[in-house]
Amino acid sequence: MKELLTFTEEVRDALEGNRPVVALETTIISHGMPYPQNIAMAKNVERIIREQGAVPATIGLMDGRVKVGLNESELERFATDRSVEKVSRRDFPYILSTGKIGATTVAATMIAARLAGIEVFATGGIGGVHREGESTWDVSADLTELARTKVAVVCAGAKSILDIGRTLEYLETHGVPVVGYRCDEFPSFYSRESGYRVDYRIDDAEGVAKLLDLKWKLGLEGGLVVANPVPEAAALDFAEMENVIVQALDEAKRLGIAGKAVTPFLLSYIKETTGGKSLETNIALVNHNAETAANIAVALQAVRTGR
Ligand code: PSU
Ligand code: MN
């Protein structure tokens, strides 16, 4: 199995030396943001993680390998190549066996992180139960992955293109704790509110690290959602975003969009409709998640080594 993974030197050294590492996904680069903002964001989050004393590992599938850590030209390829496929758990073996290039979603990045021995992962927002999911059965594989794979996912909540209430119910059923990092309300990506509460509020990285360490010591498999609201200064109005989201959902229905195309379609519709504003917010929240994830990775290392 190990021969399927390729590490950059920086990531291999960190993992061998038991130093804190933070995983990053590539779907957000290839399918979540336009060029050149996506490549700027990808490099910037890596810088932020290093500044906080951890090592970034951006993950993608390429040449039949799981790349754990991407060099500059590989990052550039994920940011520009239109043939990059979106890879979730289902698509993982197909993309590897054909040697195609695939950007990993939250679910696929968790799988790769677990294989590599990385426990903390920073992203933008997780997938979830879609609105009207009770009839379409559109439930992101991110949720089933969180139920089974031992990785903490730091995110700005879930976009309200989803049914946030049902998403939280699913996570509860599957035993995935939803921690509010310095917040009581589960955030909705662009906004700091959603109308739903988190399970527990924790105000410091050490607290999150202790919870993680204990959860996994107890043999309670599965991940953790760390909900880290977008910084106040970059937050958008919840009601305003709701209008755009309803339009996006109508349009998706009209065009008969289904399967893995749903989320990218909604995201790009919202981006078009809100212009640059939502992109700025998106970048701000990802930066913030990278910083928080690095702090948690460092704290987890300290808990483990008893420092
Ligand atoms: N939600 C966002 N931005 C994103 C995604 C979700 O606000 O970029 C991406 C993530 O990679 C996530 C994936 O894992 O979409 C979920 O896709 P699906 O709903 O098809 O499982
Ligand atoms: Mn789906």
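Here, each number is a calculation from the coordinates, and none is a lab measurement. Keep in mind the model is a prediction, meaning the values are calculated, not measured.
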Over segment 1-124, calculate the relative contact order: mean separation of alpha carbon pairs under 8 Å at least 6 apart, over the residue count, as a percent. 34
At least 30 Å along the helix axis (C-alpha) and Kyte average at least -0.5, DSSP helices within the chain: 276-304
In 5 Å bins starting at 0, how do the alpha-carbon pair distances of segment 193-296 split up by percent? 2, 10, 15, 16, 17, 14, 12, 9, 4, 1
Please state the shape class of the chain: rounded when a/c is under 1.5, otherwise prolate if a/b exceeds b/c and oblate if not, all from the C-alpha gyration tensor. rounded
Need one word for segment 26-181: rounded, prolate or oblate. Basis is the Cα gyration tensor (sqrt eigenvalues a ≥ b ≥ c); a/c below 1.5 gives rounded, then a/b vs b/c decides. prolate
Could you tell me which of the pairs Lys43/Lys86; Lys43/Lys217; Lys67/Lys271 are separated by over 27 angstrom between their Cα atoms in the structure shown? Lys43/Lys217; Lys67/Lys271
Candidates Gly223, Gly133, Gly157: whichever shows maximal mean-square fluctuation once the chain is modelled as a Gaussian network with Cα springs under 10 Å: Gly133
GNM result for the chain, Cα springs below 10 Å: residue of Ala122, Ala293, Ala141 fluctuating most strongly: Ala141
Over the chain, what is the relative contact order in percent, taking alpha-carbon pairs closer than 8 angstrom and at least six residues apart? 20
Using alpha-carbon positions, the gyration tensor of segment 260-306 gives root eigenvalues a ≥ b ≥ c; with a/c under 1.5 called rounded, otherwise prolate if a/b exceeds b/c, else oblate, the class is oblate
